[in-house]
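Contents: one structure, followed by commentary.
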Amino acid sequence: MSSTLRSRHLAVLTTTAALSALLPLAGANAGLVAEPVRSSAPGAALRLDPVGTYETGVFDESAAEIVEYYAAAARLLVVNASQAKVEVLDASNPASPAKLFDLQTTGVPSADGTTVDAGAVANSVAVREDGLGIVAVEAADKTDNGWLVFFDAGGSGQALGAVRVGALPDMVTITPDGTRAVVANEGEPADDYAVDPEGTVSVVALPDSVAAASQSDVRSAGFHAFEGSALPSGIRVYGGRADAGTGTPAYPVSENLEPEYVAIDQQSKTAYVTLQEANGVAVVDLRSAAVADVWSLGTVDRSRVPLDASDRDGLNIRTFANLRTFRQPDAIAAYQVKGRTYLVTADEGDTRDWDGYSEEIRVGDLGKNGLKPACDAVKAGAGFTGLSRLKITKADGLNAARTCYETLYGFGGRDVSVFTTDGRLVSTTGDELERITAGAVPAFFNSDHGSSSFDNRSDDKGPEPEGVTLGKVGGRTYAFVGLERIGGVVAYDITDPARPQFVTWTDNRNFAVNGSSNLAAAGDLGPEGLTFISGEESPTGRPLVAVGNEVSGSTTLFDVARVGKTNLR
């Protein structure tokens, strides 16, 4: 599809008045704003309507991150990372989700003889069809190994036990056949780089009943086979303990790679795991619990795909010579078309920025304070003078003599991409997300999530597409993507992997207020995790999308309405 989305291709709605007759809301809800921001393609087949929200009242403390749905009891399971627990919500009335109880993970005894410690952090949750729930929990010292805590999602919150997995288990999912849990153990370094644990992917055989696994059921896949010259080209290995000056790792690649998010292909018994900072994907054979391959996600050529690169030049989406950005997706999802599996990525971007080592610099810093300058050809290239504010990496782009930067590398694709399972790029949404949001809410283009502002994320990663969930509506496949910074959920029709089509964007946010001063009125801030609820499993008989918002601490349900249709399943 074209990388440029012209304004005449959008139909923008800024009020909900026209929708009220079609979808009445059940009473006032403080977390729902009166006029969510909307933008839709002409003839859009879907509409996203916020219908209900649950609020923790906690601002900017990760009180609502990952959200999952247990259909048999119509319950939402929401990770409250700040309090190391999962909040279990009754979602039988989506207009008024209500808290039932907390599942507290700290203090749970583990099968390896340890106990989930008091300073632990809950990061992710998954639930099986029969109600077996699993929480990924990192240790109080994140460089220590973490846990999976098991519970009955249909019960009253009693933990069933735990097993030990790798360091900083960041995301857990369950295979569609329910036989395994797969955990991305990120293995981030200590802030001072005194320790940098190896990244791993744990594969856990699950019991047939609603019960905890045993420690012997846990196998972990590592990256020792990809050390040295065995590492495929394009995978970023940088900024480890050697660069920080804190040690010489025996396995530098294994310490450097940090598994982030998991997608499962049930057909091939394979997991695809994003390695966000490294800009790659690990291919994990679930039968052997081994990493079979690693491949690079490539870069976006910004001489061809525009972006807004400065927070001090207003709304200015344009191309730049000698600039590329790493895609670096957070979430990844898998789906099948005509028997072939495709992967969908939300290309957020991320950096290594720790006390012991930081890769982040601005283009304007080049040639200063010991940094190498930009090469003369780069300085003479189109748009270089407009790049001074853009954050780039110092770890990549030097010429062969290492005397100057011949290519500038920024962070994040600012797009949604579709790949084959062997790493071939099928399609990308290009600069559409920045153009869609600019057209719908120009006064708050590239706003941050904590406060309402104009253009203040352009120098970084723009709207930051982070979470993605897939679902079928009316026989077509859609990707629902959360934009972490400016907010809201974007729907793309990805039925044809080669031609993703923008459908609609709804942002349940009131830009007139800041969350820090009036959280109840601000709406949703910082969407993190999303889950699709099919019409067959929904309590209303209509598809829903549930979103956990880490900055506003709110969990919001969106009705997925087929425009002009009565059959909404």
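The values are calculated or read from the model by the stated rules, or taken from the named source; none is laboratory data. A quick note: this is a predicted structure, and the numbers were derived from the prediction, not measured. Note that each Cβ is placed from the backbone with ideal geometry, even for glycine, and that neighbours are counted across all protein chains shown. Calculation scope for accessible area: heavy atoms of the full protein, side chains included, ligands and nucleic acids excluded. Shrake-Rupley method; radii C 1.70, N 1.55, O 1.52, S 1.80 Å.
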Boolean, F419 is over 26 Å from N316 (Cβ atoms), at pLDDT 95 or above, within 31 Å of the chain's Cα centre (by Cα) and among the aromatic types (F, W, Y)
yes
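Considering only the stretch 44-82, state which residues are of a type in the set (G, A, S), part of a loop (DSSP other than H, G, I, E, B) and surrounded by fewer than 24 Cβ atoms within 10 Å (Cβ to Cβ).
A44, A45, G57, S62, A74
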Test for D243: is it under 19 Å from Y357 (Cα atoms), of a type in the set (D, E, K, R) and under 28 Å from the mean Cα position of the chain (by Cα):
yes
Is it fair to say N510 is out of contact with any Asp or Glu (no Cβ under 7 Å at 6 or more places or on another chain) and either under 16 Å from A64 (Cα atoms) or open to solvent by 20 Å² or more (accessible area, probe 1.4 Å) (or both)?
yes
Restricting the stretch 317-340 to residues that are open to solvent by 10 Å² or more (accessible area, probe 1.4 Å) and of a type in the set (S, T, N, Q), the residue that is farthest from L390 (Cα to Cα)
Q336
Where A98 falls short, out of the listed (1) of a type in the set (G, A, S); (2) more than 25 Å from S214 (Cα to Cα); (3) touching a Gly at 6+ places or on another chain (Cβ under 7 Å):
(3)
Kindly indicate whether R304 is out of contact with any Phe, Trp or Tyr (no Cβ under 7 Å at 6 or more places or on another chain), touching a residue at least 12 places away in the same chain (Cβ under 8 Å), surrounded by fewer than 15 Cβ atoms within 10 Å (Cβ to Cβ) and of a type in the set (K, R).
yes
Scope the stretch 83-117; condition open to solvent by 20 Å² or more (accessible area, probe 1.4 Å), over 26 Å from I533 (Cβ atoms) and touching a residue at least 40 places away in the same chain (Cβ under 8 Å); matching residues
P109, A111, D112, T114
Residues in the stretch 469-477: is at least one at positive phi and either of a type outside the set (A, V, I, L, M, F, W, C) or at pLDDT 95 or above (or both)?
yes
Just one of A374, A321 is out of contact with any Cys (no Cβ under 9 Å at 6 or more places or on another chain) and at pLDDT 95 or above; which is it?
A321
Report, by residue number, each residue of the stretch 310-355 that is under 21 Å from the mean Cα position of the chain (by Cα) and among the hydroxyl-bearing types (S, T, Y).
T325, Y335, T341, Y342, T345, T351
List, please: which pairs have Cβ atoms under 6 Å, are six or more places apart or on different chains, and start with a residue in the stretch 203-231 that is without any contact (Cβ under 8 Å) to a residue 40 or more places away in the chain and end with one that is of a type in the set (A, V, I, L, M) and surrounded by 15 or more Cβ atoms within 10 Å (Cβ to Cβ)?
E227/V253
Hits in the stretch 521-556 (condition: among the hydrophobic types (A, V, I, L, M, F, W, C), open to solvent by 10 Å² or more (accessible area, probe 1.4 Å) and more than 19 Å from S82 (Cα to Cα))
A521, F532
